[in-house]
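What follows is calculated from the coordinates using simple rules that are stated; it is not laboratory data. Please read all numbers here as calculations on a predicted model, not as lab measurements. Glycine gets a Cβ as well: all are built from the backbone with ideal geometry, and neighbour counts include every protein chain shown.
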Amino acid sequence: MTRLHFDPQQNYDCLMCGRGCRAGWDIPVEPEVVANLEKRPLVLRIIQEQGPVFRQVEDATFIQNSKDCPNCRLLAEDQLCSIHRELGFEAKPATCKLFPFVMTQTPEGIFVGTTYYCTATRQNHGRNTSVHEADLRVQLEHGAPINKVAADGLVIHNRYYISYRDYLGLEKELLTRAEALGLREALAQATLGLACVMAELPLLEDGVEAIGKKLPEMWSHPAMPPGSAGRQLRSLGDLQLCDYFKFSLERGKWDEVEAALYDGTPFALPHYSWRGTLAELNALADERFDADIDRYLNHLVWRKALVVHPPLLPSLLQMTMLPQFLKVHAGLLAHKRGHSVCHQDYWDALEEAETYLVTHGRNRRVINELAVEVMLNMLRG
Ligand code: SF4
């Protein structure tokens, strides 16, 4: 029987808040689920009252969101799923049945994590996730969606790759360093060290090359600048912040944001009713969320998020930059809402990070790979 691993630090019992059903995601629906639902009075009633329940995109069917908001059309007013209530759990699409669990198949077994988009997960509410093992095994038997990490061929950057076993060595050293230095500095060291290894390798136009044997060099690479790796990567963090927030602006305003990165001029983020310099943007970060952010980062590393979506180097860089992104974004939301920063602002920032950058990420590749190129060019001199 496949071994299921559960994070000993992660709890979850549903709070029935319906938050995950108001995210506006594309929820795929299997053909047999569509066939079953289409003939049910519940669905016919919703179609009559609100319009289509499904949306067809080429060969795939998705749940249709409500007309003027991102809510799932099948979410009832009391924030409960109307399929679950009227037709039972088994009638739901596989993605909905699995939420908020995120399962990753590895050569060591399946790592069962949870998305921090879920309120109960964020609050670490309830019993340890392992109490859900029996239900998850049933879902696995019925083809629950699952990420897959192969034993070999984990891309680092360009055409260089390592094996899963090599990755485990890297992860072990990362966690050992985290005990002494904190996870953030350990992540920064891993990012910078791996980038030093990559910067001295030629760009491969054809073929692929394994570099697992070089990984131990990364932790004490001669090109590694002295001092805190986190501070060394600070300018890349600024680049990522600017890249992320400039997407909320019209294209014509992007130059203004980029100028602020290089010469410290003020720029505006009208979406947040904010104007200031990059230093003032960074000063919005509040340290009171550090413990929550560490729990989140630890869970991401535990559930193998670094290798679920290779390449590994951009994923490491992104995880290194996440704390500042979350804190600044929480500060911007508080500014927009006209109050001092509070946990709700941090949770809203975390939801956005989960939606666009991490677990359900859509923009991550562009932003992170751009920053990796800048980092490698800096190291190549
Ligand atoms: S977001 Fe989490 S806690 Fe809220 S209803 Fe969904 S699974 Fe339950």
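What to note about this one:
- Counting only DSSP beta bridges whose two residues both lie in the range 4-148, roughly 75 percent are antiparallel.
- Cross-link partners of LYS67 among aspartates and glutamates (Cα-Cα below 19 Å; sequence separation of 8 or more within a chain): ASP26, GLU49, GLU77, ASP78
- Check: the chain dipole with +1 on Lys, Arg Cβ and -1 on Asp, Glu Cβ, in debye: 420 debye
- Cβ-based net charge around GLY212, under 10 Å, with every Lys or Arg adding one and every Asp or Glu removing one: +1
- Centroid-to-centroid separation of the range 134-172 and the range 224-263 [C-alpha atoms, Å]: 31 Å
- Lysine pair count for the range 150-381 [Cα-Cα under 27 Å; pairs on different chains or 8 or more apart]: 11
- Treating r as the C-beta distance of ALA283 and ALA223 and R0 as 45 Å, the FRET efficiency rounds to 0.90.
- Förster-model FRET efficiency, 35 Å R0, VAL138 and SER66, C-beta, rounded to 0.05: 0.70
- Computed E for GLU200/VAL374 - FRET, C-beta separation, R0 25 angstrom, nearest 0.05: 0.90
- The relative contact order of the chain comes to 16 percent, based on Cα pairs under 8 Å that sit 6 or more residues apart.
- Bridging of LYS92 to lysines at a Cα separation below 19 Å is possible for LYS39, once same-chain residues fewer than 8 apart are set aside.
- Most fluctuating residue given options VAL131, VAL155, VAL102, as computed from a GNM of the chain linking Cα atoms under 10 Å: VAL131
- DSSP bridge analysis restricted to the range 150-381 gives an antiparallel fraction near 75%, rounded to the nearest 5.
- Look at the dipole of the range 4-148 built from charges on Cβ: of HIS132, PRO31, LEU74, the Cα furthest out on the positive end belongs to LEU74.
- 19 Å cut-off, amide nitrogen to a point 7 angstrom out along PHE247 Cα→Cβ, residues in the range 366-381: 366-375
- Note on the range 4-148: Rg/Rh from Cα positions, Kirkwood definition for Rh, rounded to two decimals, is 0.97.
- The helix-only estimate of mean residue ellipticity at 222 nm for the chain, built from DSSP H runs of length n ≥ 4 each weighted as -39500 (n - 2.57), is -14500 deg cm²/dmol after division by the residue total.
- Net charge in the neighbourhood of GLN79 (other residues with Cβ under 9 Å of its Cβ; Lys, Arg +1, Asp, Glu -1) is 0.
- When only alpha carbons are used to place a centre, the range 1-73 and the range 288-343 end up 27 Å from one another.
- Scanning the chain for long hydrophobic helices, with DSSP H runs required to stretch 27 angstrom or more by C-alpha along their axis and to average at least 0.0 on the Kyte-Doolittle scale, returns 312-337.
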